[in-house]
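Have a look at the structure below, then the notes.
The values are calculated or read from the model by the stated rules, or taken from the named source; none is laboratory data. Please read all numbers here as calculations on a predicted model, not as lab measurements. Neighbour counts run over all protein chains shown; Cβ positions are idealised from the backbone, glycine included.
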Amino acid sequence: MTTLRSLRLSALLLAIPLCLAACHRQESATSTPAPSSQARFQGRMLWKETPVGKAAIFLRPLSPHTGPEIEFLTRTDGRFEQDLPPGHYLLRSAPTTMCPVRGTITLSRGINRYRLLVHPLSFLTCKPGEIRKL
């Protein structure tokens with residue numbers, strides 16, 4: 001009976017990483033094209049070369065549209081993607097244990113690629129992050 005339980009536990013422990021790998025492959029799949037009237041805001045949040053996953057990104061429309069703040073998360077590989085109306089946006093981020101990124105971005109129709117670079121939070125300083133258009 002104990003051997004059977006340990007075999008079931010081993011099978012379960014083997015299945016978990018396989019399911020996680022399948023989910024990751026699904027997240028990494030190529031994206032669909034942006035609708036012709038929309039702007040696709042996409043990119044990656046990094047600390048040096050390390051992806052920053054599950055970080056909140058907030059976009060507040062400035063012009064020509066105003067409205068509620070849009071919130072979404074980076075994926076586990078640090079990538080993000082959001083379809084929005086073209087225009088100017090105030091961007092801020094809240095990565096855990098990292099300094100925030102703040103600034104404005106302008107999105108035009110089609111794909112708009114960005115890199116958000118963050119820095120670790122320390123007791124003495126919090127170096128502001130950078131927004132780079134690619």
Inset, instruction - Consider ARG75 carefully, then state whether it is at pLDDT 95 or above, assigned by TED's automatic domain parsing to the domain that holds GLN42 and surrounded by fewer than 14 Cβ atoms within 10 Å (Cβ to Cβ). - result: no
Inset, instruction - Looking only at segment 59-82, count how many residues are free of Cβ contacts under 8 Å to residues at least 24 places away in the same chain and either touching an Asp or Glu at 6+ places or on another chain (Cβ under 7 Å) or acidic (Asp, Glu) (or both). - result: 2
Inset, instruction - Being crowded, with 16+ Cβ neighbours inside 10 Å, under 15 Å from ALA56 (Cα atoms) and touching a residue at least 40 places away in the same chain (Cβ under 8 Å) is the filter here, so list the residues in segment 83-100 that pass it. - result: LEU91, SER93, PRO95, MET98
Inset, instruction - From SER122, SER37, grab the single residue that is without any contact (Cβ under 8 Å) to a residue 12 or more places away in the chain and outside any strand (DSSP E or B). - result: SER122
Inset, instruction - Check whether at least one residue in segment 86-102 is part of a strand (DSSP E or B) and of a type in the set (S, T, N, Q), and report yes or no. - result: yes
Legend entry - Filter result for the condition that a residue is at pLDDT 95 or above and loosely packed, with under 14 Cβ neighbours inside 10 Å, over GLY110, GLY43, GLY67: GLY110
